[in-house]
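Derivation of every value follows stated rules applied to the coordinates shown; laboratory data play no part. A quick note: this is a predicted structure, and the numbers were derived from the prediction, not measured. So basically every Cβ, Gly included, is an ideal-geometry build from the backbone, and we count neighbours across all protein chains shown.
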Amino acid sequence: MRFVKSNFLANTLYNTGFAYPAPPNFTYLWNFGVYAVFCLVVQIVTGILLAMHYTPNADLAFASVEHIMRDVNHGWLMRYLHANGASMFFIVIYVHMFRGLYYGSYLYPRQWLWISGVVILLLMIMTAFMGYVLPWGQMSFWGATVITNLFSAIPFIGKDVVIWLWGGYAIDNPTLNRFFSLHYLLPFVIAALVLLHVVILHEVKSNNPLGVAFQGVDSIPMTPYYIVKDVFGLFLFLGFFALFLFFYPNMLGHPDNYTPANPLVTPPHIVPEWYFLPFYAILRSIPDKLFGVLAMLAAIIVLAVIPFIHRPQYRSLQFRPVSRFLFWFFVSDCFILGWIGSQPAEYPFIGIGQFATVFYFGYLLFLLPLAIALENYLTRQVLGARR
């Protein structure tokens, strides 16, 4: 029985990592799934090491982080790996998702693969937010105050939900302990979902730049062709990671977080980490608090809906010029939302953010379906004329 089980495991690993049939036309954009797994492993390992020295206490948290940076052997490296690793993780995931949108990797039969990826993104956002609170710096404290207070917009039970999140009537030790516990737990949940994501991928097979199915003799084994390509791409990614890690370790952070949290002093401009900024801009673009929170959640949920409302005849935007034109407007719109999220909530940034928010939802729910309908019609006309 043991031999059968070990043989089954060996065959599964072999078929997954070595003999897995892959399309022969993958580009380096298909490497980003490997980079994402690498980033997740870095975050889990460094997080476990940091947890050995971190103290989840409102009076000691900031000092324990400084202790890690100054007194623990290579503690500065662990801390910067973890902090910059979160940014690298989001960069990789965002590129991975934009690639999926461009090449139609979210369309049938891969809709559940895409939805599992959206769930992973949502859990990443939750995990990163709670991790941002743990240093207990000035921006950590006030960022937690702003975001947790958003739950008070829930009708009838909002205030009770906020008190439950805080563990009391203010952000203090119970809040920090809860966030630390969840921040430690959720990466393992994400790892389980990543495993599920890979299982679904091997069930429905990978998409490719042409968006056509390669089967039998048309496909090539994962090893050695794509393993070598992944390793080469991973070394390039490590160089990019190392550039921030060793030369600009604080570039993606906020200087206010090197000041201990002070509930009596509100920062002049409260901003979250850069990877939250597009969603933060959407939140601020809606004058009503409740609808702003709903719009921010809808910005993620809508990504899980689009596989069911987009029905193009060709997956890849390489063959759909109207959709491709709109896609690059959408990418630009996401960058604009990120920039708006980092600006003060005043004129003209609020107006620009509102326009960018309308375009974000309009593109996914209306403009792209209209472009797909037009392209499908023109395709049928051309094919009919050739017959």
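Using only C-alpha positions, report the orientation-averaged shadow area of the convex hull of the range 273-387, nm², one decimal. Show your work: numbers first, answer last.
Working: hull surface 31.7 nm².
So the mean shadow area of the Cα hull is 7.9 nm².
Using Cα extents along the principal axes in Å as the read-out, say which of (1) 75, 59, 42; (2) 71, 48, 35; (3) 76, 42, 40 was calculated from these coordinates.
Comparing each candidate, only (1) matches the computed number.
So what are the ³J(HN,Hα) numbers for the range 258-271, from phi and the Karplus equation (6.51, -1.76, 1.60; θ = phi - 60°), rounded to whole Hz, Gly and Pro as x?
For the range 258-271, the Karplus curve yields 9, 10, x, 4, 9, x, 8, 10, 8, x, x, 9, 8, 10 Hz.
Under 5 Å between amide H atoms, partner at least 5 residues away or on a different chain: which partners does residue 22 have, H built in plane at 1.01 Å?
220, 222
In a Gaussian network model over the chain where Cα atoms closer than 10 Å are linked, find which of 115, 190, 157 has the largest mean-square fluctuation.
So, out of 115, 190, 157, the one fluctuating most is 157.
What is the percent of Cα-Cα separations in the range 1-153 that go past 18 Å?
Details: 8154 of 11628 pairs.
Considering the range 1-153, 70 percent of its Cα-Cα pairs are separated by more than 18 Å.
Between residue 29 and residue 182, how high is the FRET efficiency from 1/(1 + (r/R0)^6) when r is the Cβ-Cβ distance and R₀ = 30 Å? Nearest 0.05. Mind showing how you got there, number by number?
Values: r = 33 Å, r/R0 = 1.09.
The formula returns an efficiency of 0.35 here.
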